[in-house]
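The values are calculated or read from the model by the stated rules, or taken from the named source; none is laboratory data. All values derive from a computational prediction rather than experimental measurement. All Cβ positions, even for glycine, are placed from backbone atoms using ideal geometry, and neighbour counts span all protein chains on display.
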Amino acid sequence: MSAPQPVPVALPQAIGYPAPPPQTLSVVSMVLGICGLTLVPMAGSIAAIITGSMARRREPYGRPFWLTGLITGWVGVGLAALFLVIFIGTFVVSILIPLITFGVISGTVGAGS
């Protein structure tokens with residue numbers, strides 16, 4: 001008596017989708033946009049806008065990522081500009097109030113006295 005021979009079994013073929021194309025620029029844009037809002041305010045936001053614009057042309061399939069990078073980048077630039085306007089306005093007012101209070105400059109415009 002001989003040993004029974006193993007029955008050949010066909011393994012099922014892996015069925016799936018092809019690997020998605022790389023989305024490196026899109027993900028970098030998103031990460032820089034988030035960093036632009038938290039860690040590196042102005043530089044991260046500008047870099048997110050640049051890489052997001054590049055990814056929009058090169059990686060249209062990575063839209064959720066590059067769109068997040070563009071939005072957070074522009075929000076970061078807007079917040080930085082708003083902060084700058086408030087800072088300059090506060091600085092100017094803090095200089096002008098003592099000058100007006102102590103009479104160094106006149107508080108009225110165009111009054112010829």
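Pull up segment 74-113, narrow it to residues that are small (Gly, Ala, Ser) and at pLDDT 80 or above, then point me to the one that is farthest from the chain's Cα centre (by Cα). Per the criteria, the residue is SER94. Screening PRO20, PRO6, PRO12 for residues that are under 28 Å from GLY73 (Cβ atoms), loosely packed, with under 10 Cβ neighbours inside 10 Å and not small (Gly, Ala, Ser) leaves exactly one candidate, PRO20.
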